Each structure stands twice: as structure tokens, then as C-alpha cells.
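No lab work stands behind these numbers, since they all come straight from the coordinates. In this text, all values refer to a predicted model and were calculated from it rather than measured experimentally. We place every Cβ from the backbone using ideal geometry, glycine too, and count neighbours over all the protein chains shown.
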Amino acid sequence: MSFSKWIGASIGWSFGGPVGAIIGLALGSVIDAMANGKENPIIGERQTRGQGRATYRTQPRQRPQTQSGDFEVSLLILASVIIKAD
């Protein structure tokens, strides 16, 4: 288990509060994805060109898949909204 996300979030929290923590968590996720060998960590998996390009009508409707770190980001956003409301 990589701790890049948590280190980034804690450094971001110390410098920028809740917003800094969210930005630090995002940067930590990018660093974690690059360490795992993903080619483009922001977009996700690399898409192959020209191999069976499907239009929006031929693709089956799928639910968006959750990724590692989605819960942490949602929790940080919720905490920042609650803090801002106070």
C-alpha cells in the first residue's frame, strides 16, 4: 500500500487547510499512479486508436467504476463543506 496520497494530503493540509489537503491528495494520487507504471495517470488507462471505435450508440450503458481514493476525496470534500458552514 502506497502512502503518497496520505503524505500529499497531510502536507497540503498543513499549508492550505482543507483545500490544500484535497490538492495534495490529488497530487499524491498522480505520483502513486506514475509509480505504478500508468502512462497517463490523470486520464486513466491508455486508449488504443483505430481498434473498433464504438460510437455512443453501440456502447453498452455502464455505471462509472469507482477507483482507489474516491472515498478519501469525498470525505475531504464533505469535511471542507462542514468546516466552511461553521
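From most to least packed by mean Cβ count within 10 Å, the peptides 6-12, 62-68 give 6-12, 62-68. Test of understanding: extend the Cα→C-beta vector of LYS84 to 7 Å, then name every residue of the range 3-23 with backbone N under 15 Å from that spot. Of the residues in the range 3-23, 17-23 have backbone N under 15 Å from the label point off LYS84.
Label separation (ASP70 vs VAL30): 2.2 nm, computed from points 7 Å beyond Cα along the C-beta direction.
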